[in-house]
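What follows is a set of notes on a single structure, which appears directly below.
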Amino acid sequence: IPDDAEISTFGKEAKIALRSDWTPPNSDVSYPSGSLLTTSMGKVMANDWSDVTVLFQPTPTKSLQSTTTTKDYVILSVLEDVRTTLVLWKYEEGKYSLQPSLSNAVNIGEGLDFSNVNRDSAKDNRVFLWRDGYLMPDTMELVDDVGQLSDLSSSTTPLKSKPSMFQSDGLCVEQNFVSSKDGTKIPYFIIRPKDMEFNGQNPTLVDAYGGFEISMLPAYAAASGAAWLEKGYVKVYANIRGGGEYGPAWHQAALKKYRYKCYEDMEAVAQDLIDRKITSPEKMACIGGSNGGLMVGNLITRPISSKLFGAAVCQVPLLDMKVYSHLLAGASWQAEYGNPDDPEEWKYLRNHSPYHLLRHDNLGISEENEEESKIKNEDWTCPKVLFTTSTRDDRVHPGHARKMVRALLEEAQPTGKAPQVHYWENTEGGHGGAADNKQRAHMWALTYSMLEQTLTGGSKK
């Protein structure tokens with residue numbers, strides 16, 4: 001079994017989730033990365049792969065998101081173009097049988113998952129069903145027998161639901177696709193007013209992450225709903241490469257020297273929003289935190305994307321990729337980004353290190369061991385930007401944000417290259433940027449106030 005595979009059990013059966021392509025010993029069958037295989041544990045121990053059942057095999061549009069087991073069933077939550085579908089297998093008398101597909105497909109912008117009712121999942125076939133979505137608060141329902149789950153509306157018993165935190169009646173969710181620079185189709189969700197005018201004047205906030213195989217899936221966000229959507233503005237979630245929306249391959253497509261792919265994806269999404277007349281550069285902002293902060297740092301310093309966004313919010317960011325691996329938890333991320341101490345890997349890391357793009361490519365300041373530097377992007381100007389961080393962040397050092405802000409204020413702003421730079425550092429809160437709900441509310445109030453004033457010239461109460 002490959003070292004990067006994940007193995008679990010289901011009764012006497014072994015379940016093997018592959019993260020890389022695999023051809024078992026003495027077999028002429030190859031299984032692609034992202035597959036879920038099963039066979040008896042006895043045969044696994046005997047290295048006998050003659051009786052393997054494929055519970056899931058990925059396609060260009062499908063990936064396995066999660067697996068839940070009960071006494072007699074294996075429930076697969078599958079993402080198909082970032083929309084949840086369900087696959088149900090029944091295990092009986094040593095054989096798996098695929099059950100009929102459920103009716104009432106999950107709506108665009110909504111998601112669901114399952115969890116076990118009992119500590120021992122093999123006790124019975126009951127499960128909890130959890131639903132939420134961009135416009136749907138979290139709900140919890142009971143399924144008495146997953147084998148009798150014929151549809152998603154009449155076969156469950158509602159148990160509990162969180163209250164709605166913003167008015168969503170006049171809003172809708174859409175999903176669009178756009179071709180990135182290399183032709184890869186990039187999906188993104190738009191939450192907007194149903195009666196929105198397509199005039200290019202709608203304040204729009206684009207959110208993304210693009211790293212560590214973390215998927216940006218539909219989820220209820222009360223803060224953005226109350227502070228942004230309820231005012232008639234637009235929110236976009238971009239499912240760029242580096243995440244897990246299409247399985248391990250989607251993540252691996254933006255690793256190390258290919259990191260720039262996820263920034264090209266964001267540029268494609270932004271341009272598509274402009275082409276559809278949803279918004280315009282002066283009305284559009286990007287936001288991201290942690291690895292997403294690295295993304296925002298690149299977007300405000302790259303020659304193309306810095307012209308596509310009028311504003312940006314960069315939260316607890318990685319920005320100086322020359323030193324990141326020597327600060328706090330940075331050394332553990334070298335498989336994602338690369339090793340800056342290796343001259344060959346630094347060559348490509350340098351190309352997506354926002355601190356170096358800012359000072360050397362955009363401002364012409366000489367790098368270490370460089371006698372003279374020349375400005376590469378003469379017409380670059382930084383979008384209006386807010387940086388947030390925490391003194392006590394134990395994962396991404398606040399020094400990343402501090403030195404970037406210093407460079408913008410002391411080196412870029414005097415030459416007119418950084419018209420508006422804001423900075424907020426909380427003394428508490430760790431990597432989340434806030435230690436409690438009061439601090440969290442303050443941080444998000446600053447964020448949305450800055451965005452609203454920047455993109456609209458004022459604020460709606």
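Observations
- For the range 1-131: relative contact order, % (alpha-carbon pairs under 8 angstrom, 6 or more apart): 15
- Heavy-atom surface of the chain, accessible at 1.4 Å and reported per residue (Å²): 45
- For the chain, share of DSSP beta bridges that run antiparallel, in % to the nearest 5: 70
- For the range 214-319, the convex hull drawn through the C-alpha positions has a volume of 108 cubic angstrom per residue.
- Loop-located GluC sites (Glu not before Pro) in the range 60-108, at most 16 other Cβ atoms within 10 Å (DSSP): GLU93
- Low-density loop positions, trypsin sites (Lys or Arg not before Pro), the range 205-305 - DSSP coil, at most 13 other Cβ in 10 Å: ARG276, LYS277
- Maximal additional length on extending the GLN99-ASP341 stretch stands at 81.9 nm, based on 0.36 nm per residue less the C-alpha distance.
- Among the protein heavy atoms of the range 1-49, carbon and sulfur supply 49% of the accessible surface, probe 1.4 Å, non-protein parts ignored.
- For trypsin sites (Lys or Arg not before Pro), the sites in the range 136-203 that DSSP calls loop and that have at most 13 other Cβ atoms within 10 Å are LYS181, LYS194.
- Using the Karplus relation 6.51 cos²θ - 1.76 cosθ + 1.60 with θ = phi - 60°, the per-residue 3J(HN,Hα) values for the range 300-308 come to 8, 10, 6, x, 7, 5, 5, 8, 8 Hz, with x marking Gly and Pro.
- A straight chain from ASP151 to THR456 at 0.36 nm per residue would run longer than the Cα-Cα distance by 105.4 nm.
- Counting only residues at least eight positions apart within a chain, or on another chain, the aspartates and glutamates with an alpha carbon under 13 Å from that of LYS384 are GLU282, GLU452.
- Considering only alpha-carbon pairs that sit under 8 angstrom and 6 or more positions apart, the relative contact order computed for the range 128-214 is 18 percent.
- Taking 0.36 nm per residue of separation and subtracting the Cα-Cα distance, full extension of the segment from SER8 to GLU410 would add 139.3 nm.
- Share of carbon and sulfur in the accessible heavy-atom surface of the range 302-412 [1.4 Å probe, %]: 47
- Our summary gives the range 387-431 a relative contact order of 65 percent, counting only alpha carbon pairs under 8 angstrom and 6 or more residues apart.
- Three-way shape call for the range 300-454 based on the alpha-carbon gyration tensor, with the a/c threshold at 1.5: oblate
- Over 27 Å (Cα to Cα) - which of LYS181/LYS235; LYS15/LYS185; LYS277/LYS307; LYS322/LYS417; LYS181/LYS376; LYS160/LYS185 fall in this group: LYS15/LYS185; LYS160/LYS185
- Zero-based 5 Å bins, Cα pair distances in the range 46-99, whole percents: 5, 17, 25, 21, 17, 11, 4, 1
The values are calculated or read from the model by the stated rules, or taken from the named source; none is laboratory data. Keep in mind it's a predicted model, so treat the numbers as computed, not measured. Cβ coordinates were reconstructed from backbone atoms using ideal geometry, including for glycine residues, and neighbour counts include every protein chain displayed. The area values use the complete protein model at the heavy-atom level, side chains included, leaving out ligands, DNA and RNA. Shrake-Rupley method; radii C 1.70, N 1.55, O 1.52, S 1.80 Å.
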